[in-house]
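The values are calculated or read from the model by the stated rules, or taken from the named source; none is laboratory data. Keep in mind it's a predicted model, so treat the numbers as computed, not measured. So basically every Cβ, Gly included, is an ideal-geometry build from the backbone, and we count neighbours across all protein chains shown. Accessible surface areas use protein heavy atoms only, side chains included; no ligands, DNA or RNA. Shrake-Rupley method; radii C 1.70, N 1.55, O 1.52, S 1.80 Å.
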Amino acid sequence: RKEVEQDPGPFNVPEGATVAFNCTYSNSASQSFFWYRQDCRKEPKLLMSVYSSGNEDGRFTAQLNRASQYISLLIRDSKLSDSATYLCVVNNYGGATNKLIFGTGTLLAVQP
Amino acid sequence: ETGVTQTPRHLVMGMTNKKSLKCEQHLGHNAMYWYKQSAKKPLELMFVYSLEERVENNSVPSRFSPECPNSSHLFLHLHTLQPEDSALYLCASSQEGSVGSYEQYFGPGTRLTVT
């Protein structure tokens, strides 16, 4: 079983749509969670951290369910500029340092 | 703009060449990382340096040799690479401390092609 699993997509949605991405992780001891965004041929950039209580940043909402080891990202009112690969990332503290485990990413294509 | 820079941005090398990738972070962080990103695969952690000490070496072949002369600079020395080593090599940095959710910030990467 992969440490972090995501649906690779692609998700093709029209502008203005709401889209949700899901992610599961295998290590129940994982301590913190993130969504990163990666544009084509660019580096990953932090989109948002994910907290147990859920958190929202504008059109983006992240949720964490520790019991089910499940993370989600909801994007409302999709824009063309949201087209990218969204990476689910889990932080396993390894004693000496933080160790990020990346999913393969979910590709989102927002259509005009 | 990113506080992590990488050079070169693109590199084509033969299997017998020796080259080095350079990374510099301007964020005052105390940990630096090398990742490999191949097509259709998740980012793979290669090396971690915390306070200039190597704390992680993820079974990377010896043809990849990291060097961290200080907390702001990280190198990846390459020699006798194989075509399957062609990938995007990403450097990242973070501020390490006690257990927490410290984010990592990535450089733009070096796209390496081994011919």
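Work through the residues other than B:Tyr89 whose Cβ is under 12 Å from its Cβ and net out their charges, Lys, Arg +1 and Asp, Glu -1. Within the 12 Å Cβ shell, the charges total +2.
Solvent-accessible surface of the protein assembly as shown, averaged per residue with a 1.4 angstrom probe and all protein chains in place: 47 square angstrom. Over region A:50-92, the fraction of Cα-Cα pairs per 10 Å bin, rounded to whole percents and listed from the shortest bin up, is 24, 53, 21, 2. Shown is the FRET efficiency for A:Ala17 and A:Cys40, computed with R0 = 22 Å from the Cβ-Cβ distance and rounded to the nearest 0.05: 0.60. With a/c under 1.5 counting as rounded, go ahead and sort the protein assembly as shown into rounded, prolate or oblate using the C-alpha gyration tensor (a ≥ b ≥ c being the square roots of the eigenvalues; past the cut-off, prolate if a/b is larger than b/c, else oblate). Taking the square roots of the gyration eigenvalues as a ≥ b ≥ c, the protein assembly as shown is prolate. Across all directions, the average flat footprint of the convex hull enclosing the Cα atoms of region B:8-77 is 5.4 nm². Remark: mean inter-chain Cβ contacts per residue of B:22-34 equal 1, using a 10 Å Cβ-Cβ cutoff to other protein chain atoms.
For chain A, the Kirkwood hydrodynamic radius comes to 14.2 Å, computed from all pairs of different C-alpha atoms.
In this structure B:Met15 has an accessible area near 80 Å², from a 1.4 Å probe over the protein heavy atoms.
Carbon-plus-sulfur accessible fraction, the protein assembly as shown (probe radius 1.4 Å, protein heavy atoms only): 49%.
Considering the zone a paramagnetic label at B:Asn58 would reach in this model (a point 7 Å from Cα along the Cα-to-Cβ line), which residues of region B:9-43 have amide N under 16 Å from it? Only B:32-43 fall inside the zone, counting backbone N under 16 Å.
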